[in-house]
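Worksheet for the structure shown next.
The values are calculated or read from the model by the stated rules, or taken from the named source; none is laboratory data. Keep in mind it's a predicted model, so treat the numbers as computed, not measured. So basically every Cβ, Gly included, is an ideal-geometry build from the backbone, and we count neighbours across all protein chains shown.
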Amino acid sequence: MTTTYRPGPVEPDCVEFVNLAHQLLDADESTWDREIHAHLASCPPCEVYLRQLEDLRTLLRSLGPALPTDDPRLLTALKALENRPNPTTAHRST
Amino acid sequence: MTVDELGPAAVLARGDRHEVAGLVAEYYPGMLRFAQTLVPSSAAAEDVVQETWIAVLGGLEGFEGRSGFRTWLYAVLRNKAYRATGQEIRLRRYEVVAVPEYDGQDDPHGIAGRMHPPGHPDAGHWSTPPEARFLPETAAVNAELGRVLAAELGRLPDRQRQVVLLREVDGLTASEVEELAGIPATTQRSLLHRARARLRGALECYTTGQCADPTHLHAEVR
C-alpha cells in the first residue's frame, strides 16, 4: 500500500490575512477555514488586528444612545400626534 | 410596556403618547445621523427628521409591514431629504450606484508600509504590527473612544459614512441598504472595508500612537 502525500491548502500570510479580515468579521467564526484558525493561532499581530476590527464594530454599535425623554426635539415631534386622524374614523368613508 | 416589548408598529398604532415618546427617542439619533449624510447642514438634517416624525406620527405615512420598521422609517426620511434638497428620487434598481466612491485611498486596509516587502526574508508578514486591541475584554465601551470614532466618522466620504452608519451602527442588512440608498451589496462591501480601515486607523493612532495618517494624532475630538 502506498501513501500519497497531499499538502493541505497553504496557510495565508499576514498580507493575505488582512485582505480576508473584513470577510471574516462578517462570517460566523465556526465557518472559517482551518488555515485561518492556524494562522491566527501562530500570529499574534493578526489576532490583534482582527480583534481591533471587532472592537471597532462594538464601538460603532454603541454610538448614539436614545434621546433623553425631556429633549425638546422629542416634544416637537410628538405634537404631530395631536393632528393624527382618529384611527376608528379615518377610513370609514372608504 | 417598552417599545421593544410592543414592537414599533404596534406602538404607532396605539398612539399612546408615553410609548410613542420612547419610540421617537430611540430612533431619533440614528435618523439624524442618516439625514446628515443626505442634506448639507446639521440644521437641515434636524428639520428633515422633524418632518419625518410629523408625517409618521400625524398619520400621513402608513407602515404596511412590507419592510422592517427602521428601513421604512428611513425611506420616509430619505424622501423628505431629497425633496428638501430638490433632488429627484431616483432609486430604481437600474440606477443604483455602480462605482465605489474613490477617496484617494490606495491602501484600502490602512496598513501601508507595515508589512515586510517582497524580497525580504519575512515578506508578507508584519514589520510594524498592531500593538493592542482597543477594548480590553472586560471593559465597558469607552466614551472617549466613542468620541474619537464619531469625529472620524464625520470625516469619512459621504457614501462610506452612509454605509457604515446604516450597516454597522443601525444594523441594516445589505439588501435593506441597497433598497434605501441604492448602493449594491458589492459596492457596500468595498465602501465598508475602506471605512473600517480608516476608522480602525484613527482608533489605533489615538490609543497607541501608531499613526498611518498623522492628522489623526492631533485631530480634534468633538
Residue check, B:Arg66 facing another protein chain (nearest Cβ under 9 Å) and either within 21 Å of B:Glu178 (Cβ to Cβ) or among the polar types (S, T, N, Q) (or both): no
Residues in the stretch B:82-103: is at least one hydrophobic (A, V, I, L, M, F, W, C) and modelled with pLDDT of 90 or more? no
Filter the stretch B:108-159 down to the residues that are under 15 Å from B:Tyr206 (Cβ atoms), touching a helix residue (DSSP H, G or I) at 6+ places or on another chain (Cβ under 7 Å) and among the small types (Gly, Ala, Ser) and list them by number. B:Gly110, B:Ala132, B:Gly146
Quick count over the stretch A:30-66, residues being without any contact (Cβ under 8 Å) to a residue 12 or more places away in the chain, part of a helix (DSSP H, G or I) and at the interface with chain B (Cβ under 7 Å from one of its Cβ atoms), is 9
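Could you tell me whether A:His22 is touching a His at 6+ places or on another chain (Cβ under 8 Å) and crowded, with 16+ Cβ neighbours inside 10 Å?
Answer is yes for this residue.
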Note on the stretch B:57-67: residues touching a helix residue (DSSP H, G or I) at 6+ places or on another chain (Cβ under 6 Å) and of a type in the set (A, V, I, L, M) are B:Leu57
